[in-house]
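Before any comments, here is the structure.
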Amino acid sequence: MKISLSTGVFSEYSILPKLKQIKKLGFENIEFNMKNVQLGDELAVYKIKKTLKTQKINCLTLHSATFPVTDRIEIPKAIYFGKVSVHFANILSASIMVIHSNISRKLPKSKQKQFLTIIHKEIHSYAKSFNIKLALENLSDPSKSIGNNYAEINQILNAIDDPNLGFTLDFCHGQTIGNTMELVERFKKRLLNVHISNKNHSPINSKTSNFKEFLRKLKDIDYNGPLTIELNPTCKNHQITQTKSTIQNTLSNL
């Protein structure tokens, strides 16, 4: 398992100088979050790529820009966000892209299924052309988009009907809902990425409930993908390194 840092911990739109700090924090791998890109600034990817190359940082995964569709007229925007994210993932050499359902939970189920099919057919086809694997993330509660429990995730998977669609397990979201271990077991064959943080995306420490049990479960199922530290922007540098140390120490004592 490779420990990685999500750039979502850094302030929006000031990502370039922040990337230069990542090595100093002890990281060689990142998940690039599209929240760090201003809308319409597709050319930013080339400056980001140059900085990552200079700093010798690997972009293992990319978190897609998301848009919870509430009406048919918004479908093109969700598709646009998805395709721009695929473009960034391709240029940054990220082999996995984290996605949300992009479907508002306020919609009736009939429209949820219909919109899911339209949106994800476009995004998945585009990602496939670049050999980028997509990984659906479990969401928290409350979330604007569907996808926070097994029933909703299964609903999404059935509507999209793509056997190659992977899964991103978010420990924070799972702990909030109370279904972390259930989701690991149910989607272990699809598991491509793991997001690590305490509740509300706060730092992980040795007292974090059930964290050791969670990592042991990942080891038991032979998971060897990224462990992506995904903290909220209020976290300080020492909390980022504290979380990294906690993960390393816990893994070494399994």
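Numbers at a glance
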{"quantity": "Residue identified as in a helix (DSSP H, G or I), touching a residue at least 12 places away in the same chain (Cβ under 8 Å), of a type outside the set (A, V, I, L, M, F, W, C) and within 26 Å of ILE196 (Cβ to Cβ) among LYS113, LYS49", "calculated": "LYS49"}
{"quantity": "Residue within segment 196-208 that is modelled with pLDDT of 95 or more and under 19 Å from ASP222 (Cβ atoms) present", "calculated": "yes"}
{"quantity": "Some residue of segment 175-186 being farther than 29 Å from SER11 by Cα, surrounded by 20 or more Cβ atoms within 10 Å (Cβ to Cβ), out of contact with any Cys (no Cβ under 9 Å at 6 or more places or on another chain) and modelled with pLDDT of 95 or more", "calculated": "yes"}
{"quantity": "Selected residue (criterion: farthest from HIS124 (Cα to Cα)) from residues of segment 52-96 that are assigned to a helix (DSSP H, G or I) and basic (Lys, Arg)", "calculated": "LYS53"}
{"quantity": "All positions within segment 124-134 that are surrounded by fewer than 23 Cβ atoms within 10 Å (Cβ to Cβ) and among the aliphatic types (A, V, I, L, M)", "calculated": "ILE132"}
{"quantity": "Segment 208-253, residues that are in contact (Cβ under 8 Å) with a residue 24 or more places away in the chain, surrounded by fewer than 18 Cβ atoms within 10 Å (Cβ to Cβ), assigned to a loop (DSSP other than H, G, I, E, B) and not polar (S, T, N, Q)", "calculated": "ILE221, PRO233"}
{"quantity": "Selection count where residues are within 19 Å of the chain's Cα centre (by Cα) and either surrounded by fewer than 11 Cβ atoms within 10 Å (Cβ to Cβ) or not hydroxyl-bearing (Ser, Thr, Tyr) (or both), scope segment 53-62", "calculated": "5"}
{"quantity": "The one condition in (1) modelled with pLDDT of 95 or more; (2) touching a helix residue (DSSP H, G or I) at 6+ places or on another chain (Cβ under 7 Å); (3) over 25 Å from ILE75 (Cβ atoms) that ILE119 fails to fulfil", "calculated": "(3)"}
{"quantity": "Any chance ILE156 is assigned to a helix (DSSP H, G or I), touching a residue at least 40 places away in the same chain (Cβ under 8 Å), buried (at least 18 other Cβ atoms within 10 Å of the Cβ) and β-branched (Val, Ile, Thr)", "calculated": "yes"}
{"quantity": "Segment 171-207, residues that are in a loop (DSSP other than H, G, I, E, B), in contact with a Leu (Cβ under 8 Å, 6 or more places away or on another chain) and of a type in the set (S, T, N, Q)", "calculated": "SER197, SER202"}
{"quantity": "Qualifying residue in segment 87-97 (condition: modelled with pLDDT under 95, more than 30 Å from LYS199 (Cα to Cα) and surrounded by fewer than 21 Cβ atoms within 10 Å (Cβ to Cβ))", "calculated": "no"}
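The values are calculated or read from the model by the stated rules, or taken from the named source; none is laboratory data. Computed from a predicted model, the values in this text were never measured in an experiment. Cβ sites come from the backbone with ideal geometry, for glycine too, and all protein chains shown count toward neighbours.
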